[in-house]
Amino acid sequence: MAGEARAGDEFDVAVVGGGLVGIATAWGLSREGCRVVVLDEGDRAVRASRGNFALVWVQSKGLGLAPYAGWTIRSSNAWQGFSDLLKQETGLDVSFQRPGGFHLCLSEKELEARANVLKRLHAQPGIVDYKTEILTRDQVKVMLPDIGPEVVGGSFCELDGHVNSLRLFRTLHTALNARGVTYLPSHRVESITKEGGEFRLTTTQGEVRAAKVALAAGNANMRLAPMVGLDCPMKPERGQIVVTERLRPFLNHPVVTLRQTDEGTVMIGDSKEESVDPSGLTIGVSATEAERAVRQFPLLANVNVVRTWSAIRVMTRDGFPIYDESKTHPGAFTVCCHSGVTLAANHALTIAPMIARGALDAPLVAPFSARRFHVQAAG
Amino acid sequence: MIAAADLASSYELVIIGGGPAGLAAAALAARAGVSTVLFDENPGVGGQIYRAITSTPVADRAVLGQDYWDGAALADEAKASGALIVNGATVWSLDRQRLVGVSVGGKARMIEADRVIIATGSQERPFPIPGWTLPGVMTAGAAQTALKAQGLVVDGRTVMAGSGPLLWLLAAQTLRAGGTIDAILDTTPRRNWLQAMFHLPDFALSPYFAKGLALLREVRAKVPVHRVDTMEAVGNDRVREVVFSGAGGTRRLPVDLLLLHQGVVPNVNLANAAGVAHVWNDRQLCFVPVLDADFGSSVPGIAVAGDGAGIAGGTAAAERGRIAAIAAVRALKPDAVVPDTQAIRQRLQREEMGRAFLDWLNRPADSFRMPEGDTIACRCEEVTAKQVRDTAKMGCEGPNQMKAFLRCGMGPCQGRLCGLTVTELIAAERKTSPDEVGYYRLRPPVKPITLAELASLPISEAERKAVER
Amino acid sequence: MFKRLAEKGPAIAITVDGRKVTARVGDTVAAALLAAGIDHCRTTPVTGAPRAPYCLMGVCFDCLVTVDGVGSRQGCLIPVREGMKVETQLGRREAGR
Ligand SMILES: Cc1cc2nc3c(=O)[nH]c(=O)nc-3n(C[C@H](O)[C@H](O)[C@H](O)COP(=O)(O)OP(=O)(O)OC[C@H]3O[C@@H](n4cnc5c(N)ncnc54)[C@H](O)[C@@H]3O)c2cc1C
Ligand code: FES
């Protein structure tokens, strides 16, 4: 049964971290026939999986690291199949939809800046050409009839979608439980060593042993990775989100900062702040989000806000994923990224099988090795 | 009527809640020369116990009783003190820097405070029995509020059920007002007497002893009382029957109105959101803030007075409010003349004396706090006890993860009517203590505000930059 | 479910789903509905189950109604006003109302 540590248990893989990255990887590993244990923190942990915005998002991805665009599209394309598999296993529908998404601009200046970003993105050598178009206000209005008079236009990408990410979180946990994967909450990993061909993970509640270890502990990877000869430089960032009461459906497409969930609530995001204090909330930031939301969709003015929260983004130093395998400690891997919802399908269906086999597939993921930081530093 | 725009941008003391604790604190602080504002979301002052004290249509003083009318003096004192009292004012945010978010008449403001006294009182403990969400099922406190504020008395077939002094008080008030009660279903577990007996001597000396006995006698003379172990509200579109079982087997009574009550618990939402530390109180079966002798909390400058500090009743609430106010005055105006706390503390002690007996005697049975099966735990999101229990079995250790999985606590009431239930269900399933499990981490707004209100608040350049891109 | 102790105080005319209801000064919207024998004031946005005011003290949010065109108002905290239009709220609220 999940939740109970059993002394002397032998695991093929210990996944460190029970957020979306960890459990998507763990689920994929279990599908490959591995005996998996997931080590997690407790109820009050800083868990981006409980505070994210739930987009499965493509547009804008890849500026600065062209292969990231292709990697993201791969996951976006795999997402429907991934959600079907989860539904077969658990009966739970994570409500994945890919109707295409918007980035809305509230001034000509914002629209111009947006067009520039897309131009630079697509001018990069080796970039996969995914369609993101700049649309005029009138074009936007056809698809989003409720936009306010200040919306001057925006960008649209047909590959963009969203999901119910809290249900995804629950569904993955439910699936792990049904598969007999051992989930150990309140088992914060303090140290990892490799002795006699196996990894020993010391937790706040005793030691766990496994043949392989996958680090999926978010920003804590920075502390853990060096223990197994890996490097995972992080730069956490805070994001604040506002959520409303449940409303009847009024919005058919997700906007990068505003989406209606299948339950009817409207999520409004999402700031980028330097703070790493998850308990702090800045009212002025929520106010800005609310103000922009009302300008984008004036019909929301009277709607009730029921919650705001801040979450700490898992952010690598350059914002792109890190997938690595240890040279000094064979069998140790890092799986670390910001967009754990978007990339969940990749982690479950592509990364997990690589870890099960014991080697990352260089043509696919070599660009995401943390070695890139050293190359840059040397250059 | 005071509008949001009329408020100053800062006050030396902000008091939240206009019950006995808030009124007494406001009167004392304002008289000592502290600039004081009191916010209360209700149309009038008085809080729960003195609800509508300045406007009640219930003219016959015997109906609500002398204890109620004692509140008039408190309200008058507060008004005469020079404190600014704002009704219809909902406080929806409070942070560690004592920045208070308040809405009045649909307009939001942020107000700075040197000191804050949270006097938001108590709420009735959740009573999750099958059918408790049906129309026609209300809390006893709700019926009492309707009586005090609007002069509404129960009509039709009425059953009251539960435990605790308030249930009996409401029954007596209802009878005096000419209402009829078909039955009282007493859910107090018999074995509670064993624990309670130890504290009987103290209780016998407290002011509640004689009053309590008189109430029981008054009600029992007119209403049949049944001891029950299980209870269910039955009906489709509304409650039609209450089904209960006790020593005499299972019985059903047709009802139009079923009034539930099993004690009150501190209203923790605002203090929790402000980061005030809380602990589990096993005698009162609820979370209470960690407080010093002056009711100061773990957050500097924020005190919690009244029933929000742990249940002790209206008279004690006023004394607690005074003690918290004296501490605030001393910090803000060291030269001001304040009453002697010694005398107040003695009165408070006398009030609190009988509490242990009442708490142990009225401790609700496990089965009425930790439901099973399809009984709804979270009313807003309609999450059942079974879902919570199953998810806990799956490895979910705490209410915050539970909230992410099941949405319990995510609706408009923000966990007020499921928080304790969810914590206790998790503790039961995972065989640990509620203290270990903890409570929801609450976030502003602790009461809903509109998006437009939020949008109207001051924004700095840096805050704008954090969002625009 | 409830009756008035005395029909005292000035009457206030409101409508509930278009129907005339006589309230009294001092009534909240929720109290006026209860006094008028109105059984439920909303259906839930989750399963559509009928709900009526439960706590009358601002805690439970089961008294949510549409008041003068604005949805999800807490009926137990809002005093009635002459001519007020109250509507029961069915399921999820409509944005813009
Ligand atoms: C329904 C009910 C009925 C009761 N009836 C009786 C009785 O008849 N006799 C008796 O002896 N005891 C009664 N009690 C117990 C009694 O209420 C308390 O002992 C006493 O009221 C405590 O006083 P207080 O000042 O701490 O809190 P309260 O009297 O509860 O006052 C707190 C005030 O704060 C306001 N408030 C809360 N949150 C906010 C916010 N975010 N913004 C603005 N305002 C806010 C509330 O609306 C309330 O007016 C009752 C309790 C309840 C819950
Ligand atoms: S009846 Fe409970 S909030 Fe109004």
Counting only residues that are at pLDDT below 95 and either within 15 Å of ligand 1 (Cβ to nearest atom) or not in a loop (DSSP other than H, G, I, E, B) (or both), the stretch C:80-96 contains a total of 3
Taking the stretch C:65-97 and keeping residues more than 9 Å from chain A (Cβ to nearest Cβ) and either buried (at least 22 other Cβ atoms within 10 Å of the Cβ) or among the hydroxyl-bearing types (Ser, Thr, Tyr) (or both) leaves C:Val65, C:Thr66, C:Gln74, C:Gly75, C:Cys76, C:Val80, C:Val86, C:Thr88, C:Gln89
How many of the residues making up the stretch C:55-79 are without any contact (Cβ under 8 Å) to a residue 24 or more places away in the chain and either more than 13 Å from ligand 2 (Cβ to nearest atom) or assigned to a helix (DSSP H, G or I) (or both)?
1
Residue that is among the aliphatic types (A, V, I, L, M) and within 14 Å of chain B (Cβ to nearest Cβ), where the choices are A:Leu144, A:Leu135, A:Leu166
A:Leu166
From the list B:Ala52, B:Ala21, B:Ala73, B:Ala26, which residue is touching a residue at least 60 places away in the same chain (Cβ under 8 Å), in a helix (DSSP H, G or I) and closer than 25 Å to B:Lys211 by Cα?
B:Ala21
Considering the stretch C:30-49 alone, what residues qualify as being open to solvent by less than 10 Å² (accessible area, probe 1.4 Å), part of a loop (DSSP other than H, G, I, E, B) and either under 12 Å from B:Met138 (Cβ atoms) or more than 7 Å from every other protein chain (Cβ to nearest Cβ) (or both)?
C:Cys41
State whether the residues of the stretch A:91-106 include one that is in a helix (DSSP H, G or I), over 23 Å from the mean Cα position of the chain (by Cα) and over 30 Å from A:Leu364 (Cβ atoms).
no
For the stretch B:391-453, which helices (runs of 4 or more DSSP H) that fit wholly inside it have 3 or more residues that are closer than 22 Å to A:Glu41 by Cβ and open to solvent by 10 Å² or more (accessible area, probe 1.4 Å)?
B:399-406, B:434-437
Reported set for the stretch B:104-119 where residues are open to solvent by 20 Å² or more (accessible area, probe 1.4 Å), more than 10 Å from chain C (Cβ to nearest Cβ) and in contact with a strand residue (DSSP E or B) (Cβ under 8 Å, 6 or more places away or on another chain) is B:Arg109, B:Met110, B:Glu112, B:Asp114, B:Arg115
Among strands (runs of 3 or more DSSP E) lying entirely in the stretch B:240-284, which contain 1 or more residues that are open to solvent by 30 Å² or more (accessible area, probe 1.4 Å)?
B:241-246, B:249-254, B:264-266, B:278-281
Assess whether A:Leu159 counts as being within 30 Å of A:Pro298 (Cβ to Cβ), open to solvent by 20 Å² or more (accessible area, probe 1.4 Å), within 13 Å of another protein chain (Cβ to nearest Cβ) and under 26 Å from the mean Cα position of the chain (by Cα).
no
Lone qualifier among B:Val58, B:Val100 - being at the interface with another protein chain (Cβ under 8 Å from one of its Cβ atoms) and open to solvent by less than 10 Å² (accessible area, probe 1.4 Å)
B:Val58
Failed item in (1) surrounded by fewer than 16 Cβ atoms within 10 Å (Cβ to Cβ); (2) within 13 Å of ligand 2 (Cβ to nearest atom), with C:Ala52 passing the rest
(1)
In the stretch C:16-32, residues that are among the hydroxyl-bearing types (Ser, Thr, Tyr) and touching a Gly at 6+ places or on another chain (Cβ under 8 Å) total 1
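The values are calculated or read from the model by the stated rules, or taken from the named source; none is laboratory data. Fair warning: this is a prediction, and the values are worked out from it, not measured in the lab. Because the Cβ atoms are built from the backbone with ideal geometry, glycine has one as well, and the counts that use them run over all protein chains shown. The protein model used for the area step is the full one, side chains on, heavy atoms only, and it has no ligands, DNA or RNA in it. Shrake-Rupley method; radii C 1.70, N 1.55, O 1.52, S 1.80 Å.
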